[in-house]
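Here the structure is laid out as structure tokens; the discussion comes afterwards.
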Amino acid sequence: MAFLHEGIVQDAARCWHNNVIAKLFGDFVPDSDTMESHGDQRINKIRDLLKSHPRGLSISEIADTLGLQRHLVSKDLGYLHKMGQVELQTIGTSKVYTTTAKVPLAGILDYFSDMILVLDEDFVIIEVNAPLLHTVNLVRNDVIGKKIYGHPSPLIAGLKPGAFPEGGIEELNVCLPDEDGSTEIHHFKARYVPMVYENTSPGMIIFIEDITKQTRYRDAFLLSEAHYKAIVENQAELIFRFLPDGTLTFTNWRCAQTFGMTESNIRGNTIFNFLPGNEADRFRDAIMGLTAREPGVRISSRLETTEGYRPYSIAVQAIHNDAGRLLGYHGIARDITAEQIAEEERRSHVAHLDFLCRSSCDFMAFSREKDLIQYLAAGIRELVPNAVQFIFTYDRRTREMVTKSIINEEGVDLLDTDFAGSPIRFPVSPSVLRSEPELRQAFVGKLTKISKELIASILGNNLHDRFSALTGERKTYVTLGIGEGEIVGAVAISLPTMETLENRTLVETFIRMGMLTYQRLVAWRSYSRSDNRFRIITEKAYLPIAIINPEGKYLYVNNSFIEMFGYTLEDIPTGSMWFLKAFPDADIMQKALDLWISDLKKSIIGEIRSRQFRVRCKDGSFKSVIFHPVTLPDGCQLVFYEDISNQEEAQKDRNLLAEIVRSSHDAIIGMTTSGRIKTWNPGAKRIFGYTAEEVVGRDIDIIFPQHRIHEKDILLKKVLQGEYISGFETERKKKDGRIIDVSVTISPIYDRNDQIIGISTIIKDISARKAEERLQKLESRYRDMVDSINVGVYRSTGDPEGRFLWGNTSLVRILGYPSIQSVQNVPVSDLFIKAHGREELLRDLREKGFVRNREILLKRGDGSVAYVLVTALATFGSSGEITYINGIVEDVTEQRVLARKLASLGNTIPDH
């Protein structure tokens, strides 16, 4: 009964006059006396005859029995069959007719779950079933015999049979009261089926289906679909749905735009059209394997977009109904181009780390200059294959650059071919090089592009012409090797004019490592402490390094390792000891150990196996560290470590930055590119005397003294060209007009597009330091002067015990000590032979401020006595105490000894 519309209604619409109608409407067959035509009488006879023969009769049997013509009987039986009053059964070639069993209409209608109304030709209700009465909350007497139009029930009154004389379907929205008394809109579907009763009068049957739940479900689904579309419409990901055959049924705006189509015309395409060749087959195979139990899969594939083929990560979910039948797929695709680029950069970074680590170990092994130069040249060729490279060392004795290697792009050393037997040397003045603006970055290890004119001025025209003839038209980058502030060598790289110098930082680091190694070799030949220098060079090459042999014994850790973790080789002689100390938690230690062993078993020579761990240092602190172990050809493990703990502190650092600027004692000033002041911190107020309100918006030249005003445009021009100015010492003017010494650091401020949008200036007041420097120069001159005189000059503290702060060589000689340091270790009071001699001197100095030519007996370092004349001047502090004493000591020992001898001689000569 639930399939009323698909069964009863469709059958009634197609062949209403069959036996179903006869069963439904047998109660309405009119009596024979109401038939007016003779045909009706004939039909009644045929019907009565069939009733008396329940097994049925053929057309011939009926015609013979009633004495009627066979064609009339056939016509009447056809009418009765159409009216549903007889049933036809074919047996062989014969047609057998039987009378139709009548069923009461009301008894049948109540078995239908849908609501049914039966109307006569005036739309008067002649029958109704129980479901309809229940819905409208009425009884049969309230409905039977009433016309539809104007009926008090809104559902019945809302029906429009007159609008569907040929039958049809309409949906009704009717407001009906619910069981709780509230009123809600209900939704119905009415099917109008016209009919003819046995008495040939027209009528209509109306089947009414309550579709309230379906309609509400449909509306909720449409609303949900609208919400879903609104959510996914502007998502960055591509969101789509497609049928099992791949046909797209839905895409968001982003998806359509990515493929250069609209949302309407992309539908109907297959998803496979947007995947290239084999990847489409791989995608199809992946989704074909999805089941209701495992409905999801993630695939990485390229998609053909308006920008060409781009990589995407595609998550696909199969959609099944409750019966497990596949309905379609839902997909989300995310562009992973940036991730792949980042991964490629990470791999490149790891490769660079591997190269540098290998190089640092190799550099450590060199003890001959020739081997080092060859290795450095080979490494540069590996990093910059199309370059013509020049390697020079600097001879400090002759102040010349010496050419050690010229390798062309084919790997040939031109020193062995074009310059054989002719050493290439050319004079270079370090001071001249330092004065060249083009070489400023070269002095800090950067590869700097230099002009042909500068090259010619350094090499000389003849040598420049010879080099140019070999290399052709090229651009040249130069970097200098600097050791302890002195030039030790240089490297030049010449590239074709249209080629870019790739991996510049890596090349610079490698060359710097080579130059540092060369410096070690030079120092090794010159000084006995070369081993320490070499370790410093290698250890500062890059990251902390450890080398572990195949048995798990630590062979080497560099200083960076010790600085990072605190452990020395004595602390961790073996890997087992390392795991015990670095991983105090037993479970975490076991996990780390298992990973190490697993990676080690699968390791390949030269392959880096990166892992991140949180390890405990010797001081008890923990650090987040990325381990980069690599297997060496001899089975040893070279491990370098990358401390990423600072990244966790980066956010805190950023939060502190504003407070640092605010609390800095230095002036930190933000300016526009034209020099107009935008920010002014408290340090700037302290140094210059202006408040922020006084200077913000004004030009920076308010703090420039008149004789320094020209510096403004020069500095701004350099910074706007991207130059960073650090520690520039000059003068600036305070609000009160005083001129002060300052150190200025200026740097450009960039936006996200690397455009300079402002200038940051940090100004440090160095007036005190400059004054101290001037004082030191004066004091140095003073010391040089007093060192040359024959009297002792000193400065001592003013406390009772007293210590010498400084003294000249004459003082050291008079007191009989080997050096001024040994004099400074002796309390001044211990030098006085006379008891309380120091106290008496201090008392006189407090009273008078100075003493002049006071004779004092002092004890020399060897225990002998020295007679000295002391002149001293006291310097007092704010509270009246003596802070220090400046004095002169004149040795009169010989005079006093001679005087005593003369006096003794005089006593022995008799008087005359």
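Rounded to whole Å, the principal axis extents of the Cα atoms in segment 437-492 read 35, 18, 17, largest first.
Ignoring ligands, DNA and RNA, what percent of the 1.4 Å accessible area of segment 237-342 is carbon and sulfur? Carbon and sulfur atoms account for 50 percent of the accessible area of segment 237-342.
Got the relative contact order for the chain handy, in percent, Cα pairs under 8 Å and 6 or more residues apart?
Values: 1470 pairs, mean separation 36.2, N = 912.
Computed value for the chain: 4 percent relative contact order.
Counting only heavy atoms of the protein chains and using a 1.4 Å probe, Cys361 has close to 40 Å² of accessible surface. Between Glu570 and Ser645, residue separation times 0.36 nm minus the direct Cα-Cα distance comes to 24.5 nm. In a DSSP loop and with at most 14 other Cβ atoms within 10 Å, the GluC sites (Glu not before Pro) in segment 486-517 are Glu499, Glu502.
Remark on Ile545: its backbone amide H falls under 5 Å from those of Asn558, Ser560, Phe561, a criterion applied only to residues 5 or more positions apart or on other chains, H modelled at 1.01 Å from N.
For segment 382-454, the set of chymotrypsin sites (Phe, Trp or Tyr not before Pro) satisfying both a DSSP loop assignment and a count of at most 16 other C-beta atoms within 10 Å is given as Phe419.
Return the subset of Lys591/Lys623; Lys553/Lys581; Lys370/Lys449 for which the Cα-Cα distance in this structure is over 20 Å, preserving the input order. Before the final figure, lay out each step's value.
Details: Lys591/Lys623 17 Å; Lys553/Lys581 15 Å; Lys370/Lys449 27 Å.
Violating the 20 Å Cα-Cα cut-off are Lys370/Lys449.
Close amide H pairs (under 5 Å, H built 1.01 Å from N) link Ile336 with Tyr312, Ser313, residues at least 5 positions away or on another chain. Taking the Kirkwood radius as Rh and the Cα radius of gyration as Rg, segment 541-648 has a ratio of Rg/Rh equal to 0.93. Available extension along the chain between Thr249 and Glu484 is 77.4 nm, counting 0.36 nm per residue and deducting the alpha carbon span. Of the Cα atoms belonging to segment 787-902, the radius of gyration and Dmax stand at 13.8, 50 Å.
Positive end of the dipole of the chain (Cβ unit charges, origin at the Cα centre): among Ile644, Ser819, Ser201, the Cα lying farthest that way belongs to Ser819.
When the Cα positions of Gly445, Trp253, Thr875 are compared along the charge dipole of the chain, Thr875 comes out farthest toward the positive end, with charges on each C-beta of Lys, Arg, Asp and Glu.
Per residue, how many Å² of accessible area does segment 541-648 show with a 1.4 Å probe?
On the way: 5650 Å² over 108 residues.
I get 52 Å² per residue for this part.
When +1 charges are put on Lys and Arg Cβ atoms and -1 charges on Asp and Glu Cβ atoms, the dipole computed for segment 438-524 relative to its Cα centre reaches about 80 debye.
Placing +1 on the Cβ of every Lys and Arg and -1 on the Cβ of every Asp and Glu, with nothing else charged, gives the chain a dipole about its Cα centre of roughly 3960 debye. Mind giving me the nanometre distance, one decimal, between the label points for Met577 and Ile604, set 7 Å out from Cα along Cα→Cβ? Once both label points are built, they end up 3.5 nm from each other. Accessible-area rank, largest first, for Glu279, Glu840: Glu840, Glu279, with all protein chains present and a 1.4 angstrom probe. Measuring r between the beta carbons of Asp594 and Glu723 and using R0 = 45 Å, the FRET efficiency lands at 0.25.
Projected label points at Thr183 and Arg368, each 7 Å from Cα along the beta carbon direction, are separated by 11.0 nanometres. Per residue, segment 664-772 exposes an accessible area of 54 Å² to a 1.4 Å probe, with every protein chain left in place. One way to sum up the overall shape of segment 105-216 is the equivalent ellipsoid from its Cα gyration tensor, whose semi-axes run 23, 15, 13 Å, largest first. Model label points for Ser201 and Glu847, set 7 angstrom from Cα along the Cα-to-Cβ axis, are 15.7 nm apart. Using the Karplus relation 6.51 cos²θ - 1.76 cosθ + 1.60 with θ = phi - 60°, the per-residue 3J(HN,Hα) values for segment 858-871 come to 10, 9, 6, x, 8, x, 6, 9, 10, 8, 10, 9, 10, 10 Hz, with x marking Gly and Pro.
Quantify, in whole percent, the carbon and sulfur part of the accessible surface of segment 664-772 (1.4 Å probe; protein heavy atoms only).
Numbers: 2940 of 5870 Å².
C and S fraction of accessible area: 50 percent.
If you take the alpha carbon atoms of segment 39-99 and fit the smallest convex hull around them, that volume is 73 Å³ per residue.
Charging the Cβ of each Asp and Glu at -1 and of each Lys and Arg at +1, and nothing else, the dipole of segment 326-480 about its Cα centre rounds to 640 debye. For Lys770, the aspartates and glutamates whose Cα falls under 13 Å of its own Cα, not counting residues fewer than eight places away in the same chain, are Glu729, Glu731, Asp741. Computed over segment 237-342, the convex hull of the alpha-carbon atoms projects to a mean area of 6.6 nm². On segment 810-912, 54 percent of the accessible area sits on carbon and sulfur atoms, based on a 1.4 Å probe.
Considering only Leu133, Gln235, Val696, and ranking their Cα positions along the charge dipole of the chain that arises from unit charges at the beta-carbon of Lys, Arg, Asp and Glu, the one farthest toward the positive end is Val696. Based on Cα contacts under 8 Å between residues 6+ apart, segment 664-772 shows a relative contact order of 27 percent.
Shown in residue order for segment 130-140 are the 3J(HN,Hα) couplings computed by the Karplus curve 6.51 cos²θ - 1.76 cosθ + 1.60 at θ = phi - 60°: 4, x, 5, 4, 5, 5, 8, 6, 10, 10, 4 Hz (x for Gly and Pro).
Within straight-line reach of Lys189, meaning a Cα separation under 24 Å, sit the following lysines at least 8 residues removed in sequence or on another chain: Lys146, Lys147, Lys160, Lys213. Annotation: amide H-H contacts under 5 Å for Asn129 (H modelled 1.01 Å from N, sequence separation of 5 or more, or interchain): Ile116. Separation of segment 432-479 from segment 235-269 is 58 Å, based on Cα centroids. The phi torsions of segment 408-419, fed into the Karplus equation with coefficients 6.51, -1.76 and 1.60 and a -60° offset, translate into couplings of 7, 5, 8, x, 8, 7, 5, 5, 8, 10, 6, 10 Hz, rounded to whole numbers, with Gly and Pro shown as x.
For segment 386-480, the solvent-accessible area with a 1.4 angstrom probe is 52 square angstrom per residue.
DSSP loop trypsin sites (Lys or Arg not before Pro) in segment 300-354 with at most 10 other Cβ atoms within 10 Å of their Cβ, which ones? Present the calculation step by step, with values, prior to reporting the outcome.
Details: sites: Arg302, Arg325, Arg334, Arg346, Arg347; in loops: Arg325.
Answer by residue number: Arg325.
A Förster radius of 45 Å, combined with the Cβ-Cβ distance separating Ile562 from Ile702, puts the computed FRET efficiency at roughly 0.30. Geometric descriptor of the chain, per residue, is 424 Å³ (volume of the convex hull of the Cα atoms).
Computed FRET efficiency, Cβ-Cβ of Leu66 and Tyr111, R0 51 Å: what is it to the nearest 0.05? Kindly include the intermediate steps, with their values, before the conclusion.
Numbers: r = 38 Å, r/R0 = 0.74.
Result of the calculation: an efficiency of 0.85.
Counting Lys +1, Arg +1, Asp -1, Glu -1, what net charge surrounds Gly158 among other residues with beta carbon under 13 Å of its beta carbon? Please list the in-between numbers first.
Working: positive: Lys160, Lys189; negative: Glu170, Glu171.
Its environment carries a net charge of 0.
The values are calculated or read from the model by the stated rules, or taken from the named source; none is laboratory data. For clarity, every value in this text was computed on a predicted model and none was experimentally measured. Ideal geometry is used to build each Cβ from the backbone, glycine not excepted, and the neighbour counts take in all protein chains shown. Heavy atoms of the whole protein, side chains included, go into the accessibility calculation; ligands, DNA and RNA do not. Shrake-Rupley method; radii C 1.70, N 1.55, O 1.52, S 1.80 Å.
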